[in-house]
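The structure appears below as structure tokens.
The values are calculated or read from the model by the stated rules, or taken from the named source; none is laboratory data. Quick caveat, the model's predicted, so the values are computed rather than measured. Because the Cβ atoms are built from the backbone with ideal geometry, glycine has one as well, and the counts that use them run over all protein chains shown.
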Amino acid sequence: MEMKKEHWALVSLLLNLLQSLLKFVAGLLTGSLSLLGEAVHSLSDSAASLIAFFSIKLSQRTSRRFPYGLYKLENIGAIVIAFFLLLAAFEIGKKALSEPVKIKEEALPVGIAVVVFSLISSLTLSFLERRAGKRLNSPTLIADSYHTLTDAFGSFLVLVSLSASYLGYQYDRYFALAVALLILYTAVGLLKEEVGVILDISADEEVIGKIREVILSFPEVKEVKRLLVRGAGGKLFVDAVIVLRKGSFMKSHRIADEIERRISEEVDNVEMVFIHYEPAAEESLRVALFVGEGDTLCRGFDRVSKMYIFEEGEGNPKVLEVNPKSEEEIAKLLARENIDIVICGHHPESPVAKWILHKNGVFVWETDKENIYEALSEVSKLKLR
């Protein structure tokens, strides 16, 4: 069974607790300040892993009050981890500068054994946890894996310090300071990255560029007016405003749905996509009215004798004589004429005719008006001269 995010956080927690306990005991036995500092470091990592565990569990919940989820709890968890690392660095540095260091040589083998165990276990967990974090797209797991790697580097420095003490060289104070600086560097980097996410920093340019390419691959899209992409808890949220070309606006809803689907399929870790659409500046609609006997609006597709086609900027309508044909043939005629809206009494009865209209983005406007100009006035988007 594949381990989930919270399982990895729990493994990290248990290992850090074990390492912290062993390092405290070994540090007290040897008197090594760098080893005691590493014990504090592991203890802070234990608390951070506990926070990671709970933040991952809570981030997966959604509710009416939090419709976008609680994904940012993972980023908040990573920030808290960074503060624990800052605290650890401060404690180690303070002890290195203010307290005398005296290593007890008789306990060095125990200290070296504990540090070797910590080094190997930390390197193994860091590798496995980072790989799981990338696969599960969890910033908290990835952050925790780097902290575990920092713990491994710290253990290595302590190992060098204890080995030097075993050979008669007392450099433990300086290695403790090196451990503190290493932890400080990691903490500052984490804070910079995670605070940016909390403040809704934009996703990287590569991801934005890929999303833009997906949108512009649709021939109906004239331009991307605005594209905002932010991350939270390893998920991406996309908000775009697009401009649709002439003749595409009546199909806008279908186009937007297709763009949203394609982005979700082709870009990793997309949680939500919002596409807002606008007509191009030159957008105009071609509106057809079905006319029957007496120049009144006919009630259905099977009764049309001629068709009036109105377009913005054209003073007089185009008139097409229509011989009695099937609803399917009428639907094909509307598609050939690039009609956006057809005004009549009822939709066609034929499923094939309905499919042809849907496929070509022809919208049927039903009305009970008989006067064609009264019916035309109901289509508010059309402006006639």
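Check off (1) modelled with pLDDT of 75 or more; (2) assigned to a loop (DSSP other than H, G, I, E, B); (3) under 23 Å from H253 (Cβ atoms); (4) not β-branched (V, I, T) for E370 and give me the number that stays unchecked.
If we test E370 against (1) modelled with pLDDT of 75 or more; (2) assigned to a loop (DSSP other than H, G, I, E, B); (3) under 23 Å from H253 (Cβ atoms); (4) not β-branched (V, I, T), just (3) comes out false.
Consider E282 carefully, then state whether it is modelled with pLDDT under 80, surrounded by fewer than 17 Cβ atoms within 10 Å (Cβ to Cβ), of a type outside the set (S, T, N, Q) and part of a strand (DSSP E or B). Don't jump to the end; show me each part of the working.
Working: modelled with pLDDT under 80: yes; surrounded by fewer than 17 Cβ atoms within 10 Å (Cβ to Cβ): yes; of a type outside the set (S, T, N, Q): yes; part of a strand (DSSP E or B): no.
No; evaluated as a whole, the condition is false for this residue.
Would you tally the residues in region 265-279 being surrounded by 17 or more Cβ atoms within 10 Å (Cβ to Cβ) and either modelled with pLDDT of 85 or more or among the aromatic types (F, W, Y) (or both)? Spell out how you get there, then give the answer.
First pass over region 265-279, keeping only residues surrounded by 17 or more Cβ atoms within 10 Å (Cβ to Cβ): 267, 270, 273, 275, 277, 279.
When the remaining residues are screened for being either modelled with pLDDT of 85 or more or among the aromatic types (F, W, Y) (or both), the result is 273, 275, 277.
Residues flagged as surrounded by 17 or more Cβ atoms within 10 Å (Cβ to Cβ) and either modelled with pLDDT of 85 or more or among the aromatic types (F, W, Y) (or both) within region 265-279 amount to 3.
Being over 14 Å from S118 (Cα atoms), hydrophobic (A, V, I, L, M, F, W, C) and at pLDDT 85 or above narrows it down to one of L29, L10, L33, L21, so name that one.
Values: L10 fails: at pLDDT 85 or above; L33 fails: at pLDDT 85 or above; L21 fails: over 14 Å from S118 (Cα atoms).
Only one candidate passes the filter, namely L29.
For region 244-256, state whether one or more residues are at pLDDT 80 or above, more than 30 Å from I341 (Cα to Cα) and either more than 19 Å from the chain's Cα centre (by Cα) or of a type in the set (D, E, K, R) (or both).
No, region 244-256 contains no residue that is at pLDDT 80 or above, more than 30 Å from I341 (Cα to Cα) and either more than 19 Å from the chain's Cα centre (by Cα) or of a type in the set (D, E, K, R) (or both).
Could you look through region 314-367, keep only residues that are in a helix (DSSP H, G or I) and among the β-branched types (V, I, T), and pick out the one that is nearest to E293 (Cα to Cα)? Don't jump to the end; show me each part of the working.
Filtering region 314-367 for residues in a helix (DSSP H, G or I) gives 327-336, 351-359.
Applying the additional criterion that residues be among the β-branched types (V, I, T) yields 330, 352, 356.
On the way: I330: 17, V352: 26, I356: 26 Å.
Per the stated criteria, the residue is I330.
Taking region 118-130, which residues are out of contact with any Lys or Arg (no Cβ under 8 Å at 6 or more places or on another chain) and surrounded by 15 or more Cβ atoms within 10 Å (Cβ to Cβ)? Can you show your working first?
Taking region 118-130 and keeping what is out of contact with any Lys or Arg (no Cβ under 8 Å at 6 or more places or on another chain), we get 119-130.
Those that are out of contact with any Lys or Arg (no Cβ under 8 Å at 6 or more places or on another chain) and surrounded by 15 or more Cβ atoms within 10 Å (Cβ to Cβ): L119, S121, S122, L123, L125, S126, L128, E129, R130.
Quick check, is G133 crowded, with 18+ Cβ neighbours inside 10 Å, under 28 Å from the mean Cα position of the chain (by Cα) and over 15 Å from A187 (Cβ atoms)? Before the answer, list the steps.
Numbers: crowded, with 18+ Cβ neighbours inside 10 Å: yes; under 28 Å from the mean Cα position of the chain (by Cα): yes; over 15 Å from A187 (Cβ atoms): yes.
When the stated conditions are applied, G133 passes them.
Give region 160-177 a look and list any residue that's crowded, with 21+ Cβ neighbours inside 10 Å and either over 28 Å from K104 (Cα atoms) or not aromatic (F, W, Y) (or both), or say none. Give the derivation first.
Start the filter on region 160-177 by keeping residues that are crowded, with 21+ Cβ neighbours inside 10 Å, which leaves 161-162, 165, 172, 175-176.
Answer for region 160-177, where residues must be crowded, with 21+ Cβ neighbours inside 10 Å and either over 28 Å from K104 (Cα atoms) or not aromatic (F, W, Y) (or both): S161, L162, S165, D172, A176.
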